[in-house]
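What follows draws every value from the coordinates through simple rules; no lab data is involved. For clarity, every value in this text was computed on a predicted model and none was experimentally measured. Positions of Cβ are generated from backbone atoms using ideal geometry, with glycine treated the same way; all protein chains shown enter the neighbour counts.
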């Protein structure tokens, strides 16, 4: 009997400290406006080794940040900050271990644990800036159901030339060309495309603007060792 009471007391303590669950954020009914002519602060959202992936849109434009899996070849990203929908046991363990997480809040998408792709939510038309310093090595059409919806922009980062940082759901700026040098958080790459109009986004149930986002993925550069 004492054991049962103790167990109930522990459960009550846990629920009081952390809540019975960590509910996923709910998309707001208000559609956020596009943010232009405002470069982002150089906040780091994810890392790959010594490479820092920084915020690609102005902070006021961000509706949510989420991570999910990708196809073969993608390099796993290490999110920076706190997972909003982290499980109860994981939160309890961090509390016991005294492991505090500061920084941006992010969401694990699609119910898995993969973090190959980072979706940074923002309304269509929002200015997109380079998340890394480096050189644009490719600009190609991003095609859905046979139709072009913006482009894929590949940047070779100066800090990790064996990798390629790819951005999709972006309409390239007319001045952007292959070979253009870019600086993190200050070089404009283009604007957010309304890809949610033709393809449901995983971020849709967590953010406004129907989950429209800039998707960022990292892959090994051609000819690089795995």
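Model label points for residue 186 and residue 173, set 7 angstrom from Cα along the Cα-to-Cβ axis, are 1.2 nm apart. Report the paramagnetic label zone for residue 110: residues of the stretch 185-222 whose backbone N is under 19 Å from a point 7 Å from Cα along the Cα-to-Cβ axis. Counting only backbone N, you get 195-207, 211-220. Given q = 0.14, 0.16 Å⁻¹, what are the Debye log10 I(q)/I(0) values for the stretch 142-192, with equal point scatterers placed on the Cα positions and solvent ignored? Calculated log10 I(q)/I(0) at the listed q: -0.38, -0.49. Fully extending the segment from residue 76 to residue 144, taken as 0.36 nm per residue of separation minus the present Cα-Cα distance, adds 22.0 nm. Using equal-weight Cα scatterers in the Debye expression, the normalised intensity of the stretch 143-226 in log10 at q = 0.11, 0.12, 0.15, 0.19 Å⁻¹ is -0.36, -0.42, -0.64, -0.94.
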